[in-house]
Amino acid sequence: MRYFLYLLFVFAATRTHAQKVGLVLSGGGAKGIAHIGILKALEENNIPIDYITGTSMGGIVGAMYAAGYSPSQIEKIALSKDFQDWVGGRYTSDYSFFFQKKSINPSILTAKLSVDSNLRLNVRSNLVNDIPLNFALLELFAQASALSKDNFDNLFVPYRCMVSDVLSQTSITVAKGSLAEAVRATMTVPLIYRPIKLEEKYVFDGGLYNNFPADVMKKTFEP
């Protein structure tokens, strides 16, 4: 696999110096679950991961590992019915309570994952419902974001997430801010999910313009 070959290259190229391993995780939808197998193989062989860059599904898996989740925990989450429902926009869990009824703590709805109200009027009404997914991501990453003070260099493993600015047709590297928001952005497939607003830009799935961010790994971390 391409990302695995790149990992081997980085590892081999640094043998004469302090060994640093940079893991690049590409997009690929459901196939991205295979990334978990790579994480397991590295841990089983006692190979530490020093840096992670990821996009789309690779961005989700990479973010969970960078936040401190083990490969087994990531696999359990990714294969769970709840996760599949959240990604599919089917809110069958308690997350729907906050969306359908008044919450005892309305502040939970102030999360930055909401889309801009002006844009909402211009997008298709049949897009996948993302409210349950947004709450799920907040729950998964809130603690890591708080501990890292929204600096991705301070995570369990330094991490970079790719998103796409469709207006300028460029790839953007996210290195700070809400980890949940970054993950939500990198998995925002056009015409399926509403775009996320990051730093005054509307962004979509990171795989549109950089589906394999090896260049970001080399430039940012120099493994």
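A single member of Ala185, Ala180 is of a type outside the set (Asp, Glu) and either touching a Ser or Thr at 6+ places or on another chain (Cβ under 6 Å) or closer than 20 Å to Thr220 by Cβ (or both), and it is Ala185.
Give region 35-53 a look and list any residue that's charged (D, E, K, R) and assigned to a loop (DSSP other than H, G, I, E, B), or say none. Explain how you work it out, then say what you get.
Of the residues in region 35-53, the ones charged (D, E, K, R) are 40, 43-44, 50.
If the condition is that a residue be charged (D, E, K, R) and assigned to a loop (DSSP other than H, G, I, E, B), then Asp50 is the only one that fits.
Quick test of your reading of the structure: Thr173 fulfils all but one of (1) within 18 Å of Pro213 (Cα to Cα); (2) surrounded by fewer than 20 Cβ atoms within 10 Å (Cβ to Cβ); (3) touching a Leu at 6+ places or on another chain (Cβ under 9 Å). Name the failing condition by number. It is condition (3) that Thr173 fails. Within region 118-170, the set of residues being at pLDDT below 95, among the polar types (S, T, N, Q) and crowded, with 18+ Cβ neighbours inside 10 Å comprises just one member, Asn134. Checking each residue in region 196-216 for being free of Cβ contacts under 8 Å to residues at least 40 places away in the same chain and assigned to a helix (DSSP H, G or I) picks out only Asp215. Against the conditions (1) β-branched (Val, Ile, Thr); (2) in a helix (DSSP H, G or I); (3) modelled with pLDDT under 65, Val115 satisfies every one except (2). With respect to Leu179, is the statement that it is out of contact with any Leu (no Cβ under 9 Å at 6 or more places or on another chain) and not basic (Lys, Arg) true? No: the conditions fail for Leu179. Set side by side, the residues Tyr51, Tyr69 differ, and just one is at pLDDT 90 or above, of a type in the set (Ser, Thr, Tyr) and under 22 Å from Asn211 (Cα atoms), which is Tyr51. Please work out if Asp205 is in contact with a strand residue (DSSP E or B) (Cβ under 8 Å, 6 or more places away or on another chain), of a type in the set (Asp, Glu) and over 20 Å from Phe83 (Cα atoms). Here the answer is no, as Asp205 does not meet what is asked. Residues that are over 12 Å from the mean Cα position of the chain (by Cα) and surrounded by 17 or more Cβ atoms within 10 Å (Cβ to Cβ) within region 205-223 comprise Leu208, Tyr209, Asn210, Asn211, Phe212, Pro213, Ala214, Val216, Met217, Thr220, Phe221, Pro223, listed in sequence order.
The values are calculated or read from the model by the stated rules, or taken from the named source; none is laboratory data. Remember, it's a predicted structure, so these values are computed and weren't measured experimentally. Positions of Cβ are backbone-derived with ideal geometry, glycine not excepted, and every protein chain shown enters the neighbour counts.
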